[in-house]
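Reading through the structure tokens given below for one structure.
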Amino acid sequence: MIQTSALRTMATKPASYRWMQLLMGALEALRASGKTEVILLKPAEKSEWKKALTKVHREMEGKIGKDLVRSIYKETGFDPDKL
């Protein structure tokens, strides 16, 4: 849990920094709980993971629509053709 004083300190930082601090705090809380194993992938592993997931994306197009999948790609800057 992030303390109020930490939130006040973060309020003076740029939004992206504050967001990253919140994410890192949440990640640390997950690790500290001992209930979840957090695995950080190396760049090559992350690339393979993305390649594997593009198959799932294609399968989901039939359920949620190709337009939604493409709009998510656009918003996140993800291009499966560049993998």
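Observations on the structure shown:
- Residue in region 50-57 that is modelled with pLDDT of 95 or more, on the phi > 0 side of the Ramachandran plot and not β-branched (Val, Ile, Thr) present: no
- Residue within region 17-26 that is modelled with pLDDT under 90, farther than 25 Å from Leu83 by Cβ and assigned to a loop (DSSP other than H, G, I, E, B) present: no
The values are calculated or read from the model by the stated rules, or taken from the named source; none is laboratory data. The structure presented is a predicted model; accordingly, all values stated were derived computationally and were not measured. Cβ sites come from the backbone with ideal geometry, for glycine too, and all protein chains shown count toward neighbours.
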